[in-house]
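*Asks:* I am attaching a structure below and will ask some questions about it afterwards.
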Amino acid sequence: MRLFHWLLVLSLAASWATAKAGFDWRPLHMRLGYCTMGLVLFRVVWGFVGPRHARFVNFLKGPAGIVHYARGMATGTMIAQSVGHNPLGALMVVVMLLLLAIQTATGLFTSDDIVYAGPYNGAVSDSMAKTLGHLHHLNFNFILAAVALHLLAIGFYTFAKKQRLIPAMFSGRKPSEIVPDHEAIGSSAMIKAVIIALISAGLVYWLVSAAPPPSAASSFN
């Protein structure tokens, strides 16, 4: 999970940089989009078959649970630290995965109207491609807002709630008084993770390779 998290951070940062860098960086930008798609696919699958604290069923809460946690945090009665994601953090995970899924999916249909086009640009009408391209650019603003909110939340829990989240992001460990023995995981399931990562990468490669040939007016590099 830590490797996934930091690879996603690097992929998003590089995607933003290559989008701003100009025309010559477009091929790399597109490849970074494929990497992000593979990471998102991995995280979704890992949310069902990964270790206990990575599974959606163990940290996603319903509206009542989210409201209860938010009220406790607002009134100062929220004391106990969560072993994995707290209810608000879990909600952010879902929002971010949805935003990234929209971003990578719409990127498959975009075009710069000059040379480079996504692999599925020719599969839709020009008007639909322009609509999806607009959504691709607009959605990234929502991603940036979600990232900013994520960073603010880390700062809040670090300085206001005195929870050491940042070291745990690198080590994967929390103090023993926070994590009872029965809540710790015995293995990171690395072999399973590698298999799922390879399958995710293969599916993304197949999706791009199975795209229809580009039209004569555009090319895909």
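*Asks:* Looking at the stretch 106-165 only, could you name the residues that are touching a Gly at 6+ places or on another chain (Cβ under 8 Å) and in a helix (DSSP H, G or I)?
*Replies:* THR106, GLY107, HIS136, ALA153
*Asks:* Could you list, in sequence order, the residues of the stretch 96-121 that are surrounded by fewer than 15 Cβ atoms within 10 Å (Cβ to Cβ) and either touching a residue at least 24 places away in the same chain (Cβ under 8 Å) or over 24 Å from the mean Cα position of the chain (by Cα) (or both)?
*Replies:* Scanning the stretch 96-121 gives ASP112, ASP113, ILE114, VAL115.
*Asks:* Right, next: Kindly check whether there is at least one residue in the stretch 54-71 that is modelled with pLDDT under 85 and in contact with a strand residue (DSSP E or B) (Cβ under 9 Å, 6 or more places away or on another chain).
*Replies:* Scanning the stretch 54-71, I find no residue that is modelled with pLDDT under 85 and in contact with a strand residue (DSSP E or B) (Cβ under 9 Å, 6 or more places away or on another chain), so the answer is no.
*Asks:* Scan the stretch 29-44 and give yes if some residue there is on the phi < 0 side of the Ramachandran plot, over 17 Å from the mean Cα position of the chain (by Cα) and assigned to a helix (DSSP H, G or I), otherwise no.
*Replies:* Checking the stretch 29-44: not a single residue is on the phi < 0 side of the Ramachandran plot, over 17 Å from the mean Cα position of the chain (by Cα) and assigned to a helix (DSSP H, G or I).
*Asks:* Among the residues of the stretch 196-214, is there at least one that is out of contact with any Lys or Arg (no Cβ under 7 Å at 6 or more places or on another chain), farther than 30 Å from GLY122 by Cα and modelled with pLDDT of 70 or more?
*Replies:* Scanning the stretch 196-214 turns up at least one residue that is out of contact with any Lys or Arg (no Cβ under 7 Å at 6 or more places or on another chain), farther than 30 Å from GLY122 by Cα and modelled with pLDDT of 70 or more.
*Asks:* Would you please name the residue that is surrounded by the most Cβ atoms within 10 Å (Cβ to Cβ), looking only at residues in the stretch 81-95 that are β-branched (Val, Ile, Thr) and assigned to a helix (DSSP H, G or I)?
*Replies:* Looking at residues that are β-branched (Val, Ile, Thr) and assigned to a helix (DSSP H, G or I), I get VAL93.
*Asks:* State whether one or more residues within the stretch 61-76 are surrounded by 13 or more Cβ atoms within 10 Å (Cβ to Cβ), of a type in the set (Phe, Trp, Tyr) and within 28 Å of SER188 (Cβ to Cβ).
*Replies:* Within the stretch 61-76 (the criterion being surrounded by 13 or more Cβ atoms within 10 Å (Cβ to Cβ), of a type in the set (Phe, Trp, Tyr) and within 28 Å of SER188 (Cβ to Cβ)), the answer is yes, since at least one residue qualifies.
*Asks:* So TYR120 clears everything in (1) under 24 Å from LEU60 (Cβ atoms); (2) touching a Phe, Trp or Tyr at 6+ places or on another chain (Cβ under 9 Å); (3) hydroxyl-bearing (Ser, Thr, Tyr) except one condition, right? Which one?
*Replies:* (1)
*Asks:* So in the stretch 122-172, with the set limited to residues that are among the charged types (D, E, K, R) and more than 28 Å from ALA70 (Cβ to Cβ), which one is surrounded by the fewest Cβ atoms within 10 Å (Cβ to Cβ)?
*Replies:* If we take residues in the stretch 122-172 being among the charged types (D, E, K, R) and more than 28 Å from ALA70 (Cβ to Cβ), then ASP126 is surrounded by the fewest Cβ atoms within 10 Å (Cβ to Cβ).
The values are calculated or read from the model by the stated rules, or taken from the named source; none is laboratory data. Only a predicted model underlies this, so the values are computations on that prediction, with no experimental measurement involved. Cβ: placed from backbone, ideal geometry, glycine included. Neighbour counts: every protein chain shown.
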